[in-house]
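Undergrad: Quick one: the structure is below, and I'll ask about it shortly.
The values are calculated or read from the model by the stated rules, or taken from the named source; none is laboratory data. Just so it is clear, the model here is predicted, and its values are computed rather than measured. All Cβ positions, even for glycine, are placed from backbone atoms using ideal geometry, and neighbour counts span all protein chains on display. Please note that ligands, DNA and RNA were not included when accessible areas were found on the heavy atoms of the full protein model with its side chains. Shrake-Rupley method; radii C 1.70, N 1.55, O 1.52, S 1.80 Å.
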Amino acid sequence: MSVKVFETKEVQELLKAAANLNGGNGNARFQQVVHRLLGDLFKAIDDLDITPDEVWAGVNYLNKLGQDGEAALLAAGLGLEKYLDIRMDAQDKAVGLDGGTPRTIEGPLYVAGAPVCEGLAKIDINADADAGPLVIHGTVTGPDGEPVANAVVECWHANSKGFYSHFDPTGAQTDFNLRGAVKTGADGKYEFRTLMPVGYGCPPHGSTQHLLNGLGRHGNRPAHVHVFVTSDDHRKLTTQFNIEGDPLIWDDFAYATREELIPNVVEKTGGAALGLKDDAYKSIEFNVALTSLVQGKDNQIVNRLRAAATV
Ligand code: MBD
Ligand code: FE
């Protein structure tokens, strides 16, 4: 039977007590956010007549999600990470900051600590019989269109099985395989010599895929390469590009695809001279335009828990 108790004094007092809203101690911002989120949950339970069984299934799900270490993966899959991008895009627009390479989500699989190379890095450390050679290159420019020297371009991507080093359940990859960092010279150029990635799929028996199954959704991403670009005099860019032609480009479970982030894949020969494993290789030019600091500050640095390793 549907009853409405949310607006009662008893429930409103309960919410305030639970968030310690007028308690004096604690962090006021945290209290404000908890009060609001808990209130939204209580209201949803009332409005949708969510049953005790459903609530306990949800509580149990959170336990399992944590055990699987998949909370950040679920955040990507539910569009929460994309939503934060939509808000940052709108904030940029509101202060008249346009231009620059579009941002897109970081995702949960970055590993800090890749060794920084000058201009060029070969990042395919482990052999991968099913992956062909790929050269990723481009120029980093500033808002004036001039090349940016001493920018650090980091990239990370999956292997031919869709697995990332450090998170690979097969153990096939060593630390920093398919992850690199290159510092630009005066010409603003960077280059990575690597192998063609394949799209990622959520662990099939994990909590994220379990939830997606309930929604009738898949948990796959098109093949993509993640990019961070940092420079002292510009805002940090967090983005990715997709591998042109992947059938999932407009069906990404994490909603990261953007029109401007699908560079052409060019077929080339002469890979042997570059030290690639085949003479025929693929080349992608991905140029990066950075944006200015806002009142001398990088207002888009995002702090989140990230894995780290050393070499
Ligand atoms: C990925 O490789 C990824 O980029 C995101 C956003 C989520 C899961 C795996
Ligand atoms: Fe990824």
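Undergrad: Tell me whether segment 9-73 comes out rounded, prolate or oblate; compute the Cα gyration tensor, take square roots of the eigenvalues as a ≥ b ≥ c, and use a/c under 1.5 as the rounded threshold. Before the final figure, lay out the partial values.
TA: Values: a/c = 2.71, a/b = 1.31, b/c = 2.07.
Oblate is the answer for segment 9-73, as a/c is 1.5 or above yet b/c matches or exceeds a/b.
Undergrad: Now for a different question. Would you mind working out the accessible area per residue for segment 79-308, using a 1.4 Å probe, and quoting it in Å²? Spell out each step's value before the answer.
TA: Numbers: 10880 Å² over 230 residues.
With the other protein chains kept in place, segment 79-308 gives 47 Å² per residue.
Undergrad: Mind checking which of THR208, THR51, THR174 has the largest fluctuation in a GNM of the chain, springs on alpha carbons under 10 Å?
TA: Highest fluctuation of the listed residues: THR51.
Undergrad: Residue-wise, which Karplus ³J(HN,Hα) couplings in Hz belong to segment 189-195, taking 6.51 cos²θ - 1.76 cosθ + 1.60, θ = phi - 60°, and x for glycine or proline?
TA: Computed from phi, the couplings for segment 189-195 are 8, 9, 8, 10, 9, 8, 10 Hz.
Undergrad: Right, another one. Would you grab the residues whose amide H sits under 5 Å from the one on TYR200? Only those 5+ places off in sequence or on another chain, please, with H modelled 1.01 Å from N.
TA: ARG221
Undergrad: Per residue, how much accessible area does segment 9-73 show when a 1.4 Å probe rolls over the protein heavy atoms, in square angstrom? Please report the intermediate quantities before stating the final value.
TA: Values: 4760 Å² over 65 residues.
Per-residue accessible area for segment 9-73 comes out at 73 Å².
Undergrad: Which far-off residues, 5 or more places away or on another chain, put their amide H under 5 Å from the one on LEU21, with H placed in the peptide plane?
TA: Amide H to amide H, under 5 Å and 5 or more residues apart or across chains, LEU21 pairs with nothing.
Undergrad: Taking the DSSP beta bridges in segment 79-308 as the whole, what percent of them are antiparallel, to the nearest 5? Each step should come with its number before you reach the end.
TA: Numbers: 32 of 46 bridges.
Just about 70 percent of them are antiparallel.
Undergrad: In segment 1-49, which GluC sites (Glu not before Pro) are in a loop and have at most 11 other Cβ atoms within 10 Å, using DSSP for the loop call?
TA: On the way: sites: GLU7, GLU10, GLU13; in loops: GLU7.
In loop regions of segment 1-49 (DSSP not H, G, I, E or B), the sparsely surrounded GluC sites (Glu not before Pro) are GLU7.
Undergrad: Here's a follow-up. Output ³J(HN,Hα) for segment 71-76: one whole-Hz value per residue in order, computed from phi by the Karplus curve 6.51 cos²θ - 1.76 cosθ + 1.60 with θ = phi - 60°, and x for Gly and Pro.
TA: For segment 71-76, the Karplus-derived couplings read 4, 6, 5, 5, 4, 5 Hz, x marking Gly and Pro.
Undergrad: Among LYS64/LYS161; LYS183/LYS277; LYS161/LYS183; LYS268/LYS297, which pairs are too far apart, with a Cα-Cα distance over 32 Å? Could you put the intermediate results ahead of the total?
TA: Numbers: LYS64/LYS161 25 Å; LYS183/LYS277 24 Å; LYS161/LYS183 29 Å; LYS268/LYS297 41 Å.
Listed pairs above 32 Å: LYS268/LYS297.
Undergrad: Okay, moving on. What whole-number distance in Å separates the alpha-carbon centres of segment 226-251 and segment 8-61?
TA: Centre-to-centre (Cα) distance: 37 Å.
Undergrad: Here's a follow-up. Ordered by residue, what ³J(HN,Hα) values in Hz, to whole numbers, does segment 211-224 give under the Karplus form 6.51 cos²θ - 1.76 cosθ + 1.60, where θ = phi - 60° and Gly and Pro are x?
TA: 3J(HN,Hα) across segment 211-224, in whole Hz: 5, 4, 4, x, 8, x, 10, 8, x, 10, 10, x, 4, 7.
Undergrad: Tell me the accessible surface of ILE86 in square angstrom (1.4 angstrom probe, heavy atoms of protein chains only), to the nearest ten.
TA: Its heavy atoms expose roughly 90 Å² to the probe.
Undergrad: Of all the accessible heavy-atom surface of the chain, with the other protein chains kept in place and a 1.4 Å probe, what percent is carbon and sulfur?
TA: Values: 9380 of 16800 Å².
Roughly 56 percent, rounded to a whole number.
Undergrad: Counting only residues 5 or more places away or on other chains, whose amide H sits under 5 Å from the amide H of GLY138 once H atoms are built in the peptide plane?
TA: For GLY138, whose amide H was placed from the backbone, the distant partners under 5 Å are TYR190, PHE286.
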